[in-house]
Amino acid sequence: MMGRTMFIDPGRCIGCQACVSACRECDSHRGKSMIHLDYPDEGHSVASLPTVCMHCEDPVAPCAEVCPADAILVTADGVVQEADTTRCIGCANCVNACPFGVPKIDLQAKLQLKCNLCYDRTAYGLAPMCATVCPTGALYYGTVEELQAERPGVQVADTFVFGESEVRTGVAMVVPAERVRWPVPGGLPVVEINGKDVRR
């Protein structure tokens, strides 16, 4: 079972952007937010979705695998770091490789930007900035046992299928038990959760 990590509960997001503001306040980001708030059906729905790095585990971080400058490192505990500014060449390979659409390129600085799970905080047992300010718990930091004790009846998905590719992540998505067909970011229907076929 997973250790302490981030859980994304999209059904609880109200689009307040507190997570974006809190991320901007982090000393290591210099006023830039590493979290994105996406609106999957903009103009037709008020639905919003916080998008943070999913810290892919298997295969090991596609963004890091395709980096020609070895700028993206993965820590021993599985946190995929943002690109090392002394090595990143701004080629955008990581942007194209990420199945979740997380990394962004700062065209002016020619650098990749992405969430690193507030490693300066989580390495010491503190929650990421975004999770500490989320008023609804759409971003939750803890163990799966803590989450399920607080929210009975939820399932946690850490394995996602994109066409023929399966990706297991260190950050998980909360899926209500009664709504197993919930769509993942990008509008793809969930057909497998943690390797189990959920189609009916």
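Over the chain, dividing the summed -39,500 (n - 2.57) contributions of all DSSP H runs of at least 4 residues by the number of residues returns a 222 nm mean residue ellipticity of -3500 deg cm²/dmol.
Taking 4.7 Å between C-beta atoms as the pairing limit, the chain has these partnerless cysteines: 13, 16, 23, 26, 56, 67, 88, 91, 98, 118, 134. Here the chain is treated as an ellipsoid with the same Cα gyration tensor; its semi-axes, largest first and in whole Å, are 25, 19, 17. Each of residue 65 and residue 37 was given a label point 7 Å from its Cα along the Cα-to-Cβ line. The distance between the two points is 3.3 nm. For the chain, the solvent-accessible area with a 1.4 angstrom probe is 52 square angstrom per residue. Lysine pairs in the chain whose alpha-carbon atoms fall under 26 angstrom of each other, counting only those eight or more residues apart or on distinct chains, come to 4.
Placing a pseudo-label 7 Å from each Cα along the Cα-to-Cβ vector at residue 58 and residue 166 gives an inter-label distance of 0.8 nm. Show me the trypsin sites (Lys or Arg not before Pro) within the range 58-148 that DSSP assigns to loop and that have at most 16 other Cβ atoms within 10 Å of their Cβ. Qualifying residues, ordered by number: 87, 110. When the solvent-accessible area of the chain is split by element, carbon and sulfur atoms take up 51 percent of it, the probe being 1.4 Å.
The values are calculated or read from the model by the stated rules, or taken from the named source; none is laboratory data. Since this is a predicted model, take the numbers as computed values, not measurements. So basically every Cβ, Gly included, is an ideal-geometry build from the backbone, and we count neighbours across all protein chains shown. Areas reflect the complete protein model, heavy atoms only, side chains present, ligands, DNA and RNA absent. Shrake-Rupley method; radii C 1.70, N 1.55, O 1.52, S 1.80 Å.
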